[in-house]
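See structure below.
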Amino acid sequence: NVEVNSMNSNIVLLILFRTINSIYRYNFRMKQFEVPNFYHSPIIAKVKAKRKLDDPRKKDFSALELTLDKVTFIFARHFGFCYGVENAIERSYKAIKENPDKRIFLISEMIHNPNVNEDLKANGIQFLQDTNGKQLIPFESITKEDIVIIPAFGTTIEIENSLKEIGVNIETYNTTCPFVEKVWNRSQKLGETEHTIVIHGKLNHEETRATFSHSQKNAPSIILENMSDTEELAKFINGTKSKNAFFEYFKDKISKDFNPDSHLEKIGVINQTTMLAFETQKITDYLRGIMENKYGKDAIKSHIADTRDTLCYATNDNQSATHGLLEKEADLAIVIGGHNSSNTTHLVELLESKFTTFFINNQDAIYSKNEILSYDIHMQELKMKKEFLPEKESIRVIVTSGASCPDIIVDEVLQKILVLIGEEAKNLEKCLENLN
């Protein structure tokens, strides 16, 4: 036994907390899931195995290059399925296997990847809502004998209560990501200390809708989508805009009975787990500065909580790995994933700051060397791009994917590019052998 004085006890507690948190994160990363084999890729598996061998603690965010005769593929250090996605997929297919004679429903898309969702539908799973919350199948048609899966994004308290009233078991196949639940727990703590909860998230995203539902149970809550919303909020904190203007601007982004006169005196920031890390930090720092100007530096702790970032580890890793890609030189970048995937969209946003970037669902978006159907994240529409693979002796192509994209889809995109440029597949296999 070791005796510690009161001054040292805080240090001991901090070390203990960090140790427990490290073990918590490590266990998440090391857990093995039973994901269907058709989602796996032997090529991508070798790439990831090489990086895991060289960097077991995941501290090196530099990219990996595979150089062939006519192309060099540049892979992000981290990409593809994360813990929450693998957990959701495993439990969904488990539900199919364990309930062959029952109707199985998903509240909405399991994850934001069309290939995964279409395969689940092909296996008999029906969706109760679309990704925007529009009802596709009324809850009244569900019975207590049916199986209902809660997706990785989680769901609202209102939907949970509706299903419980029917008598549906929502616990067995609840696939809510633990990092989303961690955000909900943070909102509960903020509510207990009488903070108003500021959520950095996309208003119509399933996760933000779920988080908003849980947070407003604990405290007054408001959603900020970007810095523009944050700057508007600051005007009300400073008193430079009226209460009527506040309600007009934030009418769909605040909890019931929100009072800007009293509810903006003490705040705490949480976020949708897939938002850009630096954007959340920028919003938090900006609001802290506003509070300091209004209440003084000495009183700041009484007006804004010192919350740690609530991005999940996979989002942090993928974004850091994308910054690693930005240190490379390349002719183009390809980001693979669902067009409505928040975390994937942010990877595109980062890469297009330096590279010509194409955002595609799968290999079918690649029509030829000169044509590719890419999603424009700004216009939110698909556009046929006429200049895809440059006419060069050897090209450099950055490749990454979102947290909900199966590795096999990345594999198929690589194979499609090899065919188009006349590179033999055996050259890729030989290059992979040299990784060992």
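The values are calculated or read from the model by the stated rules, or taken from the named source; none is laboratory data. These figures come from a predicted structure and were not determined experimentally. All Cβ positions, glycine included, derive from the backbone under ideal geometry; neighbour counts span all protein chains shown. Surface accessibility is based on the protein's heavy atoms, side chains included, excluding ligands, DNA and RNA. Shrake-Rupley method; radii C 1.70, N 1.55, O 1.52, S 1.80 Å.
Measuring only protein heavy atoms, the 1.4 Å probe finds Lys392 accessible over about 110 Å².
Each Cα pair under 8 Å and six or more residues apart adds its sequence gap; the mean of these over the residue count of the chain is a relative contact order of 20 percent. Which of rounded, prolate or oblate describes the chain when judged by the alpha-carbon gyration tensor and an a/c cut-off of 1.5? The shape class here is prolate. Assign one of three labels to the range 38-85, namely rounded, prolate or oblate, based on the Cα gyration tensor with a ≥ b ≥ c the square roots of its eigenvalues; rounded applies when a/c is under 1.5, prolate when it is not and a/b is larger than b/c, and oblate otherwise. It is oblate, given that a/c is not under 1.5 and a/b is not larger than b/c. 3J(HN,Hα) along the range 80-94: x, 3, 9, 4, x, 5, 4, 4, 5, 5, 4, 6, 5, 6, 5 Hz, from the Karplus curve 6.51 cos²θ - 1.76 cosθ + 1.60 with θ = phi - 60°, whole Hz, x for Gly and Pro.
Proximity of backbone amide H atoms, modeled 1.01 Å from N, is registered between Ile395 and Val71, Thr72 at under 5 Å, excluding neighbours fewer than 5 places apart on the same chain.
Accessible surface area normalised per residue over the chain is 49 Å², counting heavy atoms of protein chains with a 1.4 Å rolling probe.
Checking the Cα-Cα distances for Lys144/Lys256; Lys202/Lys251; Lys134/Lys182; Lys217/Lys251; Lys70/Lys426; Lys97/Lys144 against a 22 Å cut-off, the pairs over it are Lys144/Lys256; Lys134/Lys182.
Summarising the overall dimensions of the range 325-372 from its C-alpha atoms, the Rg and Dmax are 11.0, 29 angstrom. Calculated FRET efficiency, Lys70 to Lys386, Cβ-Cβ distance, R0 = 22 Å: about 0.55 to the nearest 0.05.
A viscosity of 0.890 mPa s and a temperature of 25 °C, combined with the Kirkwood radius over Cα pairs in Stokes-Einstein, give a translational diffusion coefficient for the range 58-102 of 177 µm²/s.
For the chain, the fraction of 1.4 Å probe accessible surface lying on carbon and sulfur atoms is 48 percent.
Of the GluC sites (Glu not before Pro) found in the range 300-405, those that fall in a DSSP loop while having at most 10 other beta-carbon atoms within 10 Å are Glu327, Glu329, Glu391, Glu393. Phi angles of the range 370-384 translate, via the Karplus equation with coefficients 6.51, -1.76, 1.60 and θ = phi - 60°, into HN-Hα couplings of 10, 9, 8, 8, 10, 8, 8, 6, 8, 8, 6, 7, 7, 9, 7 Hz per residue; Gly and Pro are given as x. Applying the criteria of a DSSP loop state and at most 15 other Cβ atoms within 10 Å to the GluC sites (Glu not before Pro) of the range 101-171 yields Glu145, Glu171. By DSSP, the beta bridges lying fully in the chain are antiparallel in about 30 percent of cases.
When you restrict to C-alpha pairs under 8 Å that are six or more residues apart and normalise by the size of the range 224-377, the relative contact order lands at 18 percent. Residues in the range 180-188 carry Karplus couplings, in order, of 5, 4, 4, 5, 4, 5, 5, 5, 5 Hz; the curve used is 6.51 cos²θ - 1.76 cosθ + 1.60 with θ = phi - 60°, and Gly or Pro positions show x.
Amide H contacts under 5 Å for Leu382: Asp376, restricted to partners 5 or more places along the chain or on a different chain, H placed in the peptide plane at 1.01 Å from N.
Amide H contacts under 5 Å for Phe358: Ala333, Ile334, Val335, restricted to partners 5 or more places along the chain or on a different chain, H placed in the peptide plane at 1.01 Å from N.
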